[in-house]
1. Could you tell me whether any residue of segment C:247-264 is at pLDDT below 95 and closer than 18 Å to C:Ile87 by Cα?
2. Take the residues of segment A:66-81 that are at the interface with another protein chain (Cβ under 7 Å from one of its Cβ atoms) and modelled with pLDDT under 75: which is nearest to B:Ile15 (Cα to Cα)?
3. Does any residue in segment B:120-143 that is more than 14 Å from chain A (Cβ to nearest Cβ) come within less than 6 Å, Cβ to Cβ, of a residue that is of a type in the set (Val, Ile, Thr) six or more places away or on a different chain, and which pairs are these?
4. Those residues that are surrounded by fewer than 22 Cβ atoms within 10 Å (Cβ to Cβ) and without any contact (Cβ under 8 Å) to a residue 60 or more places away in the chain, I need them from segment C:208-233; list them, please.
5. How about segment B:85-118: which of its residues are under 19 Å from B:Gly363 (Cβ atoms) and in a loop (DSSP other than H, G, I, E, B)?
6. Report yes if C:Ser316 is at pLDDT below 90 and polar (S, T, N, Q), otherwise no.
7. (1) more than 11 Å from chain C (Cβ to nearest Cβ); (2) part of a helix (DSSP H, G or I); (3) surrounded by 23 or more Cβ atoms within 10 Å (Cβ to Cβ); (4) polar (S, T, N, Q): which one isn't true of B:Thr55, the others all being true?
8. Tell me which residues, restricted to segment C:100-135, are buried (at least 24 other Cβ atoms within 10 Å of the Cβ) and among the small types (Gly, Ala, Ser).
Amino acid sequence: MCLGVPAVVVEIDEEKGYAEVDYGDGVLRKAFVGISLDRINRGDLVIVHANVVISKISLEEAEEIMKILKEIALMSDEEQKLSKN
Amino acid sequence: MAEFSKFEILKEVEILLRSRDVANLLVNCIKKLCEKISEDVRIMSFCGTHEWSVTNYGLRSLLPKKIEIIAGPGCPVCVTPSYYIEELIKLSMDGVQIYTYGDVFRLPAVKLVRGAKSLEDAKALGGEVRVVTGLVDAIELAKNCKDSIFVGIGFETVAPGYAHAILKDLIPKNLKILSLLKLTPPAMYFTVEKIDKDEKPLSGIIAPGHVSTIVGAKAWKKVAEDFRIPIVVAGFEPVDILMAIAKILQQIISGEAKVELEYTRAVSYDGDLRAQKLLSSIFEAKEDAWRGIGFIPGSGLRINEGYRRYDAFEYFNIEELRKSEWNYDLNAGCRCSDIVLGRAKPTDCKLFMRVCNPENPYGPCMVSVEGTCSIWARFGAKEFTDDILEELKLR
Amino acid sequence: MKFIKLSHGSGGVEMGDILSKLVFSKVDEKLKKVENGVGIDLPDDGAAIPLKNITNDYIILSTDAYTVNPPFFPGGNIGSLAATGSINDVVMTGGKPIAALDSIVVEEGYPLDQLEIIVDSMIDVFKKEGVALIGGDFKVMPKGNLDKILITTTVLGLAKKPIVDIPKDGDVLVVSDFVGDHGAVIMLLQMGVADKASELKSGRLSSDIKPLTRLLPLIDRFLDEINAARDPTRGGIAGVLNEWAKNSGNLIVVEDVPIRDEVRRYAEMLGIDPMYLASEGAAVFSVSAEVAEEFVEDMRDLGFENAKIIGKVKKSEKYKGFVLKKTEIGGFRLLEPPRGEIVPRIC
Ligand code: SF4
């Protein structure tokens with residue numbers, strides 16, 4: 001129900017609570033920061049929904065997922081090898 | 001360019017979250033878990049965006065027959081009462097500039113208002129309607145303009161954005177917000193309570209990931225406990241959803257019913273406290289009408305006493321829909337209310353693809369890209385793809 | 001600043017002046033007509049092409065009206081679009097474009113310098129492609145009766161054999177390049193940043209407008225193996241494939257259509273599917289399976305490095321006319337024909 005899109009924070013207007021974000025097409029667009037301002041810094045990867053920053057993507061957690069998924073992906077390689085033998 | 005490297009990291013994650021290998025393995029794992037469960041498994045993906053991912057990635061065609069994924073009421077467009085659209089059509093034709101999201105633009109009303117059945121029609125007939133991607137756009141466009149309304153549809157996710165703009169006084173004087181915001185947890189409670197009395201109750205719920213970024217995973221605890229249903233807060237990539245399904249199955253097997261978090265990269269247990277505070281200081285929760293469903297207590301947000309000068313209801317004298325006057329606001333024959341509650345499938349509606357299709361939506365579920373009928377119309381029902389795969393021996 | 005006036009379009013001296021300044025003086029003498037024919041060297045109501053010199057079997061003609069709001073966008077303008085669009089239509093029908101007609105309708109009050117840039121870009125495309133501009137029309141509409149500018153171009157070409165789009169069972173689908181670039185740019189402009197030139201400059205989205213004439217040798221070589229060819233403009237690649245499936249009564253299965261990362265991210269932001277976004281410099285072909293690999297190789301050699309096989313055409317008894325997409329994770333779903341306007345969504 002809420003299409004959220006990842007974007008990178010390029011600029012923050014602390015006073016007004018605006019962030020300028022890049023969704024990956026290089027165009028800077030304004031978004032409101034709906035969440036705690038101190039959670040967000042320049043360069044952060046955030047999730048934006050309809051011009052509103054709703055969360056920050058935690059890179060640690062993302063790496064954690066990557067680790068797990070890579071293991072899973074490896075397992076599938078091995079499974080394939082097993083099934084071929 | 002430094003910023004762009006962040007996208008590289010994101011891309012890496014995304015590649016894995018959309019990876020065929022990972023998905024295959026999870027599907028196998030889900031199949032094995034399914035063998036340990038005797039009854040059919042009915043999982044509700046509460047949020048329309050989950051439903052969109054499920055269909056867009058063809059997940060149903062990968063899952064075992066035993067698992068049924070049901071779409072829930074999580075589409076703010078489908079549940080917006082026809083009455084408000086009708087009022088907006090009138091205003092747009094009286095020269096008030098209306099700013100709206102693309103899917104609200106196409107939402108059909110029940111009544112014909114001055115020759116228009118939607119804001120799209122109203123525009124073609126000379127009404128002042130413009131599609132925007134959000135309030136930020138509307139603010140830019142409305143500067144130095146005439147009286148304008150921003151149609152404030154949405155859930156807890158956009159709500160803090162609107163609240164923030166009001167609190168910081170970022171909105172030009174001529175722009176008013178028509179808050180039709182809805183709250184998700186009361187709606188989930190209401191839906192599950194209704195379905196719980198059915199013959200086929202739910203076995204699990206995939207809870208909305210983005211709403212949870214604001215309200216936190218804690219918001220779903222009451223539903224999980226009161227109805228003893230496993231709930232998993234999930235992200236929106238296909239692998240996210242498969243993991244959530246696996247977690248629900250595990251809970252079913254071990255006889256648990258708790259709230260689990262899969263979308264750890266964006267959601268915490270407590271959510272964002274500032275956003276929650278913003279909501280309670282700018283808005284008040286009211287009993288609100290959900291299109292085709294009825295009134296749900298404490299499920300709507302209206303701008304509160306202190307900030308009336310931003311309120312379109314106040315400024316334009318728009319009357320609230322009253323419970324006593326509430327009509328079942330669906331066109332005759334439309335089964336959206338059952339579909340939104342997960343009690344029927346689009347193919348159960350006699351009008352589906354005959355009278356009602358995405359070009360000419362007859363009911364609200366056919367409008368939003370997220371509406372269940374629209375999704376089924378565009379991507380086809382599972383049975384359908386299954387059959388094609390069968391014929392072409394593609395599996 | 002100079003403005004376009006109503007009189008510029010009324011057929012008098014002013015019109016003659018502006019046309020010779022804007023158009024005639026910029027077209028090479030040689031390209032004002034087809035050899036031994038009549039063109040804008042002697043401006044008249046129509047143009048004549050001698051057929052006796054021509055040995056090819058078919059004349060290919062295509063016409064299209066172009067309106068883009070705003071007329072200027074990253075990667076081109078309505079002028080380059082109008083020339084390229086009709087040229088590509090001819091190429092995709094198997095024809096080598098040789099001559100063009102244009103009709104420009106402009107709104108009273110439109111800045112002359114901008115009009116000049118637009119017309120220059122159009123002529124430039126024709127020039128580079130060696131297409132003669134042999135005639136045209138020019139009109140001015142009163143302010144408010146037209147949104148800035150409208151250009152219609154008609155391009156004529158010659159072909160040994162026209163390509164009539166009927167993909168056959170067993171065919172392989174090949175795309176020449178990334179798709180959706182142009183449509184993404186237009187969405188971007190219409191979604192409210194149109195007047196902010198600086199924002200656009202930093203952007204990585206750009207229209208893919210380019211003539212597809214470089215594909216002609218390939219089309220020549222594989223003429224008997226090509227069962228369909230099209231440039232996916234409005235409606236995007238989803239539109240083309242659905243039309244093909246429907247017209248041929250076959251079923252089409254696609255996967256892994258190349259989409260630029262920027263375009264994908266922007267489309268995701270709006271919640272729209274890039275498969276429905278227009279391209280103005282990409283082509284899709286349906287070719288016999290035996291030559292598919294070779295076809296792609298040759299296409300790459302011609303400079304289309306991103307050329308790629310994206311799917312197959314299959315016979316189906318029960319499901320004629322459908323397009324099935326194999327998703328990234330290996331699931332299947334239907335790819336519906338484009339419907340209605342593309343609008344961004346909230347959810
Ligand atoms: S198919 Fe149309 S009429 Fe039927 S339930 Fe869905 S939206 Fe309503």
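The values are calculated or read from the model by the stated rules, or taken from the named source; none is laboratory data. Just so you know, these numbers come straight off a predicted model, no measurement behind them. A quick note on method: Cβ atoms are made from the backbone with ideal geometry, for glycine too, and the neighbour counts reach across all protein chains shown.
1. No, segment C:247-264 has no match at all.
2. A:Ala73
3. B:Ala122/B:Ile89; B:Ala122/B:Val129; B:Lys123/B:Val129; B:Val129/B:Ile98
4. Hit for segment C:208-233 is C:Asp224, nothing else.
5. Answer for segment B:85-118, where residues must be under 19 Å from B:Gly363 (Cβ atoms) and in a loop (DSSP other than H, G, I, E, B): B:Tyr101, B:Arg106, B:Leu107, B:Pro108, B:Ala109, B:Val110, B:Lys111, B:Leu112, B:Lys117, B:Ser118.
6. yes
7. Result: B:Thr55 passes all but (1).
8. C:Ala100, C:Ala132
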